[in-house]
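Visitor: Before I ask anything, let me first share the structure, which is written out below as structure tokens.
The values are calculated or read from the model by the stated rules, or taken from the named source; none is laboratory data. The shown structure was predicted, so the numbers you read here are calculated from the model rather than taken from an experiment. Note that we place each Cβ from the backbone using ideal geometry, even for glycine, and neighbour counts take in every protein chain shown. In case anyone asks, the SASA skips ligands and DNA or RNA and just uses the protein heavy atoms, side chains included. Shrake-Rupley method; radii C 1.70, N 1.55, O 1.52, S 1.80 Å.
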Amino acid sequence: RRSGQYTMNHDHSKKTPDGASFDRSGSQDSLDELCMDDYWKELENIHETRGNNHEERVALVVKEPDEGELEEEWLKEAGLSNLFGESSGDSLESVVFLSTLTRTQKAAVEKRVETVTQTMRKKNKQHQIPDVRDIFRLQNDSKGKVCDGSEPSTMRTSENENETQDGTKGPKFSLGMDERKSPLEDIPFSDTDINLEISFAEQAANLKDSSVGKMCKSGGGDTLLPNFRLPKDKTGTTKIGDLAPQDMKKVYSLALIELTALYDILGTEFKQQKAVKIKTKDSGLFGVPLSVLLEQDQKKVPGTKIPLIFQKLIAQIEEATLETEGLLRIPGVATRVKSLCQELEAKFYEGTFNWENVKQHDAASLLKLFIRELPQPLLTVEYLKAFQDVQNLPTKKQQLQALNLLVLLLPEANRDTLKVLLEFLQRVIDHRDKNKMTLKNVAMVMAPNLFTFHGFGAKTIEQSEFVMAAGTANVMRFMIQYQKLLWTIPKFIVNQVRKQNTERQKKEKKDKAMKKLLKKMAYDREKHEKQEKTYNDADVPQGVIRVQAPHLSKVSMAIQLTEELKAGDIVARFLSQKSGSVQTLKKEEVFLYEIGGNIGERCLDHDTYMKDLYQLNPNAEWVIKSKQS
């Protein structure tokens, strides 16, 4: 039943079913026919590999949600479930959280709360149902301001009035900046600069307001992707993995709300899919959930974050040479791949599998098979459609911004595995002169493996299959090309996390329930408390920070801040104090950490300007340690 859908001859692959030329699919019109052939051939190979046992697979049912159910789920995911239902009274955390949101983020939350509220009233649920405006009015107590600077001065609501722009009574949005000027006026951003200082949704709203009708539909037109870059941030770039888990939880909630706000502004529907749970294998290699795989792998290699079979298959492909022509495009022999698969299941963990006989193209086919056979897609059931829909956003920059937020929403295991995959694909592309696998070729071959998920059944018709083909290949190109940007946490989100932490601390202090944030400090509490007491004393020189390095020979140093002093300079200063045990440590392995104040814990990149960061978080502690400790 699927072969008719996937098997296409060459003529077919150049025309859509209605006979129109392929250009009209709305995606990349300059993709050459050879590339499109790669896509359809890959689908044929996938179908052939599935072979007769395809019918045995359990299709993953995607549940059609009831009215209001999606919005209720969304609020839970965003950490705002206590805005409705039985727990609606307990909203201290929510009040703090909501006080840090931007105008567009608030609008996104308000829209969903309104839907849930209406649904609950219809169903006559016996819960206390707050008025959506009351929820936002609660914030008047906490005069929090957002630190993303995205609100143009003409749009700001005054401190004294509680009216929306249309004059009706409404929630009071206390937006604005802690600083005097908005970064909008301060920083010149070019078309290829990715502005991480200002909320993406606010940028889209401002673009819409300032140039109505000028937002041109970019689709995937030109073959050359823009050379997007991140302007240097003096307070340091924050990468995924640099923040403590408690702050990453906040990042997740903010990313979900921000992505929804961005899609709302751009008029694209953002719907999370919900999978009905199905029975999955609880051991083995192929067709096993990532979490189960990692659990069994961590017994063998403690701390491993990528499935061992996945790592081994990539290593096996690279061991030969990445210069092999048609690598990833030319399939292995289907029967051989099937028997290798069975043999690996039996012998991989015993260590008796003989890798010497595995041909490179077979290893590449096994790698793709592993990705396809995951019981839930690598990009997750929840967000697979959202990843696909990125192609519908108006500009390439907005497509990139949406992908950035989607990567932040992936579970850690999926995100780490995707990162290793994209890095490997880039290494294949680096040898394109020899292997003839360009960015376009690799994207075309890999897109069906990540995006045509077996669990969703064969609902799509050929016409939409065509649009999806070029569209998902385009999204795949973006993910490979801009992978370094995608693993960056936007500064406006980090600033909102800082703001939440600051607001929460203020409220906790009022209740005298302030707990120490620094639980993991290697030096003892007395020392820490003594340090905290002397911190604000007048005799501590202005512009000097105390840096701790409990694992190094020189455990503490007072550092004078200068305009040009960077985090890497401080690390180098400590490492130059040689002692026997320390000489083995290299600058690449040791980092300066910002701990406490308005952040849980953040690993600093070596180019962070310390004076700028100190001004952003003057109450932080500064500790040098390796990423492992």
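Visitor: Does residue 492 qualify as being among the aromatic types (Phe, Trp, Tyr) and at pLDDT below 95?
Guide: no
Visitor: When only residues in the range 593-629 that are open to solvent by less than 10 Å² (accessible area, probe 1.4 Å) and in a loop (DSSP other than H, G, I, E, B) count, which is farthest from residue 489 (Cα to Cα)?
Guide: 620
Visitor: Let me spell it out: the conditions are (1) at pLDDT below 75; (2) assigned to a helix (DSSP H, G or I); (3) of a type in the set (Asp, Glu), and residue 71 meets all of them except one. Which number is the exception?
Guide: Looking at each condition in turn, residue 71 falls short on (1).
Visitor: Additional query: I'd like to know if the range 400-417 contains one or more residues that are open to solvent by less than 30 Å² (accessible area, probe 1.4 Å), charged (D, E, K, R) and over 27 Å from residue 251 (Cα atoms).
Guide: For the range 400-417, residues open to solvent by less than 30 Å² (accessible area, probe 1.4 Å), charged (D, E, K, R) and over 27 Å from residue 251 (Cα atoms): absent.
Visitor: A further question on this structure: Would you check which residues across the range 363-422 are of a type in the set (Ser, Thr, Tyr) and assigned to a helix (DSSP H, G or I) and list them? It would help to see each step written out before you state the result.
Guide: Residues of the range 363-422 that are of a type in the set (Ser, Thr, Tyr), as a first pass: 365, 380, 383, 395, 417.
Across the range 363-422, the qualifying residues are 365, 383, 417.
Visitor: Which residues, taken from the range 443-481, are of a type in the set (Val, Ile, Thr) and either at pLDDT below 95 or not assigned by the TED database to the domain that holds residue 403 (or both)?
Guide: Just the residues of the range 443-481 that are of a type in the set (Val, Ile, Thr), to begin with: 445, 452, 460-461, 467, 472, 475, 480.
Within the range 443-481, 445, 452, 460, 461, 467, 472, 475 meet the criteria.
Visitor: Sticking with this one: Which one of these does residue 253 not meet: (1) in a helix (DSSP H, G or I); (2) modelled with pLDDT under 50?
Guide: Of the numbered conditions (1) in a helix (DSSP H, G or I); (2) modelled with pLDDT under 50, the odd one out for residue 253 is (2).
Visitor: For a quick check of your reading of the model, give me the residue pairs whose first member lies in the range 96-124 and is free of Cβ contacts under 8 Å to residues at least 24 places away in the same chain, whose second is in a helix (DSSP H, G or I) and surrounded by fewer than 24 Cβ atoms within 10 Å (Cβ to Cβ), with beta-carbon atoms closer than 8 Å and at least 6 apart or on different chains.
Guide: 114/132
Visitor: Hey, among the residues in the range 324-344 that are over 21 Å from residue 420 (Cβ atoms) and within 32 Å of the chain's Cα centre (by Cα), which one's least open to solvent (accessible area, probe 1.4 Å)?
Guide: Per the stated criteria, the residue is 326.
Visitor: Also: Would a scan of the range 229-248 turn up a residue that is at pLDDT below 95, within 18 Å of residue 398 (Cα to Cα) and not in a strand (DSSP E or B)?
Guide: yes
Visitor: Restricting to the range 246-268, and then to whatever is among the acidic types (Asp, Glu) and under 19 Å from residue 103 (Cβ atoms), can you tell me which residue is most open to solvent (accessible area, probe 1.4 Å)?
Guide: Our first condition is that a residue be among the acidic types (Asp, Glu); within the range 246-268, this holds for 247, 258, 264.
Next cut, under 19 Å from residue 103 (Cβ atoms) only: 258, 264.
Values: 258: 0, 264: 50 Å².
Only one residue tops the list, namely 264.
Visitor: Further question on the same structure: Within the range 83-93, is there a residue that is crowded, with 17+ Cβ neighbours inside 10 Å and at pLDDT 80 or above?
Guide: no
Visitor: While we're looking at this one, here's another question. I'd like to check something: does the range 377-387 contain any residue that is small (Gly, Ala, Ser), farther than 28 Å from residue 292 by Cβ, under 16 Å from the mean Cα position of the chain (by Cα) and surrounded by 21 or more Cβ atoms within 10 Å (Cβ to Cβ)? Give the derivation first.
Guide: Start the filter on the range 377-387 by keeping residues that are small (Gly, Ala, Ser), which leaves 386.
Now restrict to residues that are farther than 28 Å from residue 292 by Cβ: none.
Taking every residue of the range 377-387 in turn, none turns out to be small (Gly, Ala, Ser), farther than 28 Å from residue 292 by Cβ, under 16 Å from the mean Cα position of the chain (by Cα) and surrounded by 21 or more Cβ atoms within 10 Å (Cβ to Cβ).
Visitor: Right, something else. Before we move on, is residue 315 in a helix (DSSP H, G or I), modelled with pLDDT under 95, of a type in the set (A, V, I, L, M) and open to solvent by 40 Å² or more (accessible area, probe 1.4 Å)?
Guide: No, not satisfied.
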